[in-house]
Amino acid sequence: MRAVPAREGSSAHSEPEMSDEPGDGEISADELHTAADFLQRHNIDEVECLVPDTAGIARGKILPAEKFLKGMREHGLRIPEQIFIQTVNGDYAVNDPVTSPAAIDVYMRPDVATMRIVPWYDDPTAQVICDTYYFDGTPVDIAPRQTLRRVLRQFHAHGWRPVIAPELEFFLVETNTDPDYPLEPPIGRSGRRETARQSYGVDAVNEFDPLFEEVYDFCEAQGVDIDTLTHESGAAQMEMNFNHGDPLELADQTFLFKRTVRETALRHKVYATFMAKPMEREPGSSMHIHQSVAHDETGENLFADAEGTDSELFLAHIAGLQKYLPAVMPLFAPNVNSYRRLMKHSDAPINTHWGRDNRTVGFRVPVSGGEARRVENRCAGADSNPYLAIAASLACGYLGMVENLEPTKPVEGSGYRLAHTLPRTLYDALDRFARSRGLKRVLGEPFVGTVSAVKDAELDAYQRVISSWEREHLLLNV
């Protein structure tokens with residue numbers, strides 16, 4: 001088990017130039033008024049305070065509206081710092097300072113700009129995404145939302161403004177209460193299951209039209225700016241595209257979208273899963289991240305010059321992705337299941353090559369004019385935490401830009417004919433992650449140590465499980 005760097009107080013290991021100024025955790029009178037007005041206008045009874053944890057799971061508290069407002073005024077919205085070292089299976093990473101006797105509460109600071117109605121409840125309910133702060137006003141530096149903010153501050157220090165657009169894939173599956181039983185596609189309106197590949201099939205999407213109509217309605221009610229829905233190559237596998245915009249806003253929307261789709265599917269008596277590889281004979285699910293960088297003041301796309309030619313910054317950004325992405329794969333492929341997706345000829349990359357309009361490599365540059373020049377990072381799985389995947393993707397590109405790196409030549413033809421250079425297992429990925437000095441500078445050493453400890457704990461738990469494959473093939477044959 002890797003030890004997380006010790007912490008003597010709230011900001012001992014934060015780089016001063018990257019930390020928020022003291023007092024950033026304070027709620028202003030305007031914010032308090034905005035929240036109170038929202039709750040009154042919508043006759044809200046309860047408020048869900050949501051904190052995305054390391055796995056992207058919504059942690060937090062549900063409070064009566066009046067108690068929520070009182071908590072905002074008095075730093076009363078508290079939660080244990082331990083939620084950020086909780087594993088996906090509900091345990092806590094050991095040998096971590098957060099689990100020591102000095103473990104403390106932190107307080108949730110609602111980001112009032114994220115306050116929305118929860119559209120699927122009968123009783124008027126609001127939800128708000130919260131940041132976490134220590135009581136001296138400094139941010140919890142291992143929180144995913146703060147990690148993304150940290151990366152964005154480094155871009156802004158150079159006058160750069162990142163722009164991203166996620167594409168998120170997921171499967172609809174029949175309800176399954178036995179984890180040993182393989183998943184199956186659900187039965188649609190026709191009364192039949194999908195048995196053949198239906199890539200871009202319009203009628204195949206319409207098999208679940210009532211479900212997706214409700215998804216669009218719920219997203220509209222929450223201000224989640226989804227765009228195009230398509231059927232992917234897997235049975236009952238879908239992809240939702242988001243409109244491009246600010247990275248933090250898009251991470252918030254992706255976080256809420258995943259929660260919305262899962263809830264809507266349950267209402268229609270099916271499951272929606274964002275596992276990277278839920279079924280053995282089907283492709284995996286990804287979260288492709290389109291990214292570009294604009295001038296902070298003019299909004300001009302810095303990835304192309306006036307003639308629409310690739311800029312040096314653009315090529316350096318791609319080079320940064322090529323150099324650093326293998327070391328940050330625990331944020332793109334965070335689970336043992338994630339690496340089952342990264343196989344040859346499976347609509348997923350196996351290396352860090354790049355190409356123009358080439359879907360077999362890790363980084364695809366779509367055909368576009370200069371104003372829309374961007375790179376699509378195809379490595380992240382749908383199971384990744386959107387805050388951390390976006391932060392990691394931008395961090396790699398940022399390092400390429402500040403280090404003036406040069407990319408390899410773009411690949412023509414299949415990238416699968418080239419060597420598999422991405423990590424093949426979470427063990428390999430974590431080893432590279434813990435040793436990358438450049439990523440520790442950008443993402444923060446406490447954060448890197450915390451993720452390593454959490455994922456090590458999950459791997460230890462996984463190693464204690466005996467799979468049905470082992471029982472089937474080894475029990476009487478070895």
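The values are calculated or read from the model by the stated rules, or taken from the named source; none is laboratory data. The structure presented is a predicted model; accordingly, all values stated were derived computationally and were not measured. For neighbour counting, all protein chains shown are included, and Cβ atoms are generated from backbone atoms with ideal geometry for every residue, glycine included.
Here are a few things to note about the model shown:
- Residue tally, condition surrounded by fewer than 19 Cβ atoms within 10 Å (Cβ to Cβ) and under 19 Å from Asp105 (Cβ atoms), over segment 60-78: 10
- Of the listed requirements (1) farther than 20 Å from Arg417 by Cβ; (2) more than 16 Å from the chain's Cα centre (by Cα); (3) at pLDDT 95 or above, Pro330 misses just one: (2).
- Qualifying residue in segment 306-317 (condition: in contact (Cβ under 8 Å) with a residue 40 or more places away in the chain, hydrophobic (A, V, I, L, M, F, W, C), closer than 27 Å to Ala236 by Cβ and in the same structural domain as Gly438 (by TED's automatic domain parsing)): no
- Search result, residues across segment 335-373 that are more than 30 Å from Gly299 (Cβ to Cβ) and assigned to a strand (DSSP E or B): none
- When Gly370, Gly355 are screened for being over 24 Å from Gly413 (Cβ atoms) and surrounded by fewer than 23 Cβ atoms within 10 Å (Cβ to Cβ), only Gly370 passes.
- Any hit, segment 158-167, residues being in contact (Cβ under 8 Å) with a residue 24 or more places away in the chain and more than 28 Å from Gln291 (Cα to Cα): no
- Segment 29-59 - residue that is over 25 Å from the mean Cα position of the chain (by Cα) and among the hydrophobic types (A, V, I, L, M, F, W, C) and, of those, surrounded by the most Cβ atoms within 10 Å (Cβ to Cβ): Ala35
- Considering segment 406-478, the qualifying helices (runs of 4 or more DSSP H), each wholly inside and each with 2 or more residues that are outside the structural domain of His345 (by TED's automatic domain parsing) and surrounded by fewer than 13 Cβ atoms within 10 Å (Cβ to Cβ), run over 468-474.
- From the list Val128, Val205, the one residue that fits, being closer than 30 Å to Arg267 by Cβ, in contact with a strand residue (DSSP E or B) (Cβ under 7 Å, 6 or more places away or on another chain) and assigned by TED's automatic domain parsing to the domain that holds Ile62, is Val128.
- Qualifying residue in segment 382-405 (condition: farther than 20 Å from Gln146 by Cβ, assigned to a strand (DSSP E or B), in contact (Cβ under 8 Å) with a residue 40 or more places away in the chain and under 22 Å from the mean Cα position of the chain (by Cα)): no
- So Gln253, is it out of contact with any Leu (no Cβ under 9 Å at 6 or more places or on another chain) and under 27 Å from Asp131 (Cβ atoms): yes
- Pairs, first over 29 Å from Ala395 (Cα atoms) and assigned by TED's automatic domain parsing to the domain that holds Val215 in segment 268-289, second assigned to a strand (DSSP E or B) and of a type outside the set (A, V, I, L, M, F, W, C), C-beta under 8 Å, six or more apart: Val270/Glu174; Tyr271/Glu174; Glu282/Gln237
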